[in-house]
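See below for the structure under consideration.
Only the coordinates and a few stated rules stand behind these numbers; no lab work does. As the structure is a prediction and not an experimental result, all values here were calculated from the model. All Cβ positions, glycine included, derive from the backbone under ideal geometry; neighbour counts span all protein chains shown.
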């Protein structure tokens, strides 16, 4: 087991260096000289240019620059944003809770609906429920979520006026954000209506971001359940006279969960990609919107640092899932 | 009787028999057939769109801006699905727009699949160290969320549909590498490969003639899936302003242009989205059908 964990950790290191190398090369591959961009329309004198390039290390050989960058990254130094002048690291972790909150709720939404839908479809294989649920899941899986968001806005914000169009909370409310989770902070602030407002802001983005994971989980649960339901021990359980609820709920679902957990883990990358679109549409102040805005503002250090932090986060999640998988399923460790 | 004939044909001549067997199973799947029918219409519109469309896709009818579709008050038969804020005919733009999505799908799948298959074959046949290097590089690309990586690539290359396609192809390629390598790994140990090697087949011949045809089934399924992913991602990039640029009637770009009118004119937002959804859904239905028809495990059950 220890060998397995160490082996997995060892493959993490070259991947990490590669990811750093890619995000490092982006700032040099982007069109335009970074210092000219920083100087803006007023331009910059030759002396000042030399001074600035010495300050940012652009006059050094490329491998020295990379080494400096890599050591900086390991110490949590990702440079400062061109626009706000604040450290990229601080900005990332100030906005991250918003994305985390949205992603967590989207995932909970997807799992709470997806698992039962998959189980019901598998148990009723080939019948009406199965076909209806799986057709819906395929539609969800094919959904352009940016359009789905606009549709929901038309219906629920435009026609019905149930939910607000953008942001995390009404501007009326102001309170400190110790956890960064609007749902918790608004409740803790004790202001009347703050919690309801936060929930109403969260509903549509959660549905939009959760749609594709929901469809994927429902499809995966169904196929895993079908596979397990064909096993001998299920027949044994049936022969012993266990109730269908007990067979499906305990014996089958528990074993069907392993591939489903993998799919849930793999959705983290999808979720972050979806967060880019969802946050842009709903003006949700999280990592996705921050990245898109920075790309348009040509804020290179932010694009570079954000790309790296997001990739490392996805890698850590995948690594954790790999290890959990090794714990759950001993067969994997042997490979 | 018919079945007996087709299995006999399969024995006499391998390739058409395989195709016929595939078609037999694919035809059984109603969803896949519906998908195929929609895809045929989509292909037709992609090829002949400008000749089918009732109006020029960029012509502006100044006296008919934001006209609702025909079944609503104020709609006319001249503009069946209404007009956009600049007075351009929605139906014509949607029809002409089909070719952009179609082209994106074809281009991305060709580039990503060709590159991915070749790299995957090399990884599967090369010594362990080279294999490890290739797979680590693929891990690195896969560590970035695909849409984000595509966005940044387009930011570097400059926003246009061509660059969006290149970016999406790069992002989707590692899936083909992994898939090809995994099937090469399992095929390589089989006896027929060993006997081909003993008979004196070179590495190139082993790769492309002996092993590759037996690895194609999952790759074909993946091709269908990435066709739809490519269309979705290109539309998303267009929506974010990083794909096709206005006035190109690409569906995602149309949605981006229509965004500010969503509460006033539902049709400018609804129809491009339906076009994307229906196309992607049709391709995914076909993909599911392909998978079931090509997967021998499911066939026997």
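Considering all different alpha carbon pairs of segment B:18-134, the Kirkwood hydrodynamic radius works out to 18.1 Å.
Note down the Stokes-Einstein diffusion coefficient of segment B:61-197 in µm²/s, whole number, using a Kirkwood radius over alpha carbon pairs, 4 °C, and 1.567 mPa s.
Working: Rh = 18.5 Å.
It diffuses with D of about 70 µm²/s by this estimate.
Taking one equal scatterer on every alpha-carbon of the protein assembly as shown, how large is log10 of I(q)/I(0) by Debye at q = 0.08 1/Å? Listed by q, the Debye log ratios stand at -0.68. When only Cα pairs below 8 angstrom with a gap of at least 6 residues are kept, chain A shows a relative contact order of 26 percent. Computed over chain A, the Cα gyration tensor eigenvalues convert (square root of 5λ each) into semi-axes of 43, 28, 17 Å, ordered from largest to smallest.
Computed from label points 7 Å out along Cα-Cβ, the spacing between residue A:231 and residue B:66 is 6.0 nm.
Going by C-beta contacts inside 10 Å, put B:27, A:254 in order with the fewest on the left.
So the residues, fewest neighbours to most, are A:254, B:27.
Using 0.36 nm per residue and subtracting the Cα-Cα separation, the extra length available between residue B:118 and residue B:190 on full extension is 23.9 nm.
The helix-only estimate of mean residue ellipticity at 222 nm for the protein assembly as shown, built from DSSP H runs of length n ≥ 4 each weighted as -39500 (n - 2.57), is -24500 deg cm²/dmol after division by the residue total. Among B:197, A:86, the order by Cβ neighbours within 10 angstrom, fewest to most, reads A:86, B:197.
Could you compute the FRET efficiency for residue A:104 and residue B:76, with r as their C-beta to C-beta distance and R0 at 45 Å, rounded to 0.05?
On the way: r = 49 Å, r/R0 = 1.09.
Computed FRET efficiency for residue A:104 and residue B:76: 0.35.
Considering only B:204, B:242, B:135, the Gaussian network model of chain B with Cα springs below 10 Å gives its largest mean-square fluctuation to B:204.
Please give the contour-minus-distance gain from residue A:90 to residue A:67: 0.36 nm per residue of separation, less the Cα-Cα distance, rounded to one decimal in nm.
On the way: separation 23, 0.36 × 23 = 8.28 nm, distance 2.20 nm.
Result: 6.1 nm gained on full extension.
List the relative contact order of segment A:53-183 as a percent without decimals, with contacts defined as Cα pairs under 8 Å and 6+ residues apart. Walk me through the intermediate numbers first.
Details: 48 pairs, mean separation 22.9, N = 131.
Once divided by the residue count of segment A:53-183, the mean separation gives 17 percent.
Pairs of alpha carbons in segment B:234-301 separated by more than 14 Å make up 65% of all such pairs. Between A:202, A:102, A:229, the residue with the greatest mean-square fluctuation in the GNM of chain A (Cα pairs under 10 Å linked by springs) is A:229.
In degrees from 0 to 90, rounded to the nearest 10, what is the angle of the helix A:194-229 Cα long axis to the longest principal axis of chain A? Between helix and principal axis, roughly 50 degrees. Compared with the dominant principal axis of the Cα atoms in chain B, helix B:14-28 is inclined by about 50°.
Entry for segment A:97-217 at q = 0.10, 0.11 Å⁻¹: log10 I(q)/I(0) = -0.39, -0.46, Debye formula applied to identical alpha-carbon scatterers, no solvent contribution.
Seen against the Cα atoms of chain B and their longest principal axis, helix B:90-125 is set at about 20 degrees.
With all pairs of different C-alpha atoms in the average, the Kirkwood value for the hydrodynamic radius of segment A:222-318 is 16.5 Å.
Kirkwood radius, segment A:83-139, all distinct C-alpha pairs, inverse of mean reciprocal distance: 14.1 Å.
Return a whole-number percent for the relative contact order of chain B, with Cα pairs under 8 Å and 6 or more residues apart as the contact set.
Working: 434 pairs, mean separation 68.7, N = 301.
Reported as a whole number, the value is 23 percent.
Take A:211, A:71, B:270, B:279 and order them by how many other Cβ atoms sit within 10 Å, fewest up front.
Working: A:211 24, A:71 10, B:270 21, B:279 29.
Fewest to most other Cβ atoms nearby, the residues stand as A:71, B:270, A:211, B:279.
P(r) tail, segment B:2-298: Cα-Cα pairs separated by more than 31 Å, 42% of all pairs. Of A:137, A:215, A:50, which is the most mobile in a GNM of chain A whose springs link Cα atoms less than 10 angstrom apart? In the Gaussian network model the winner is A:50.
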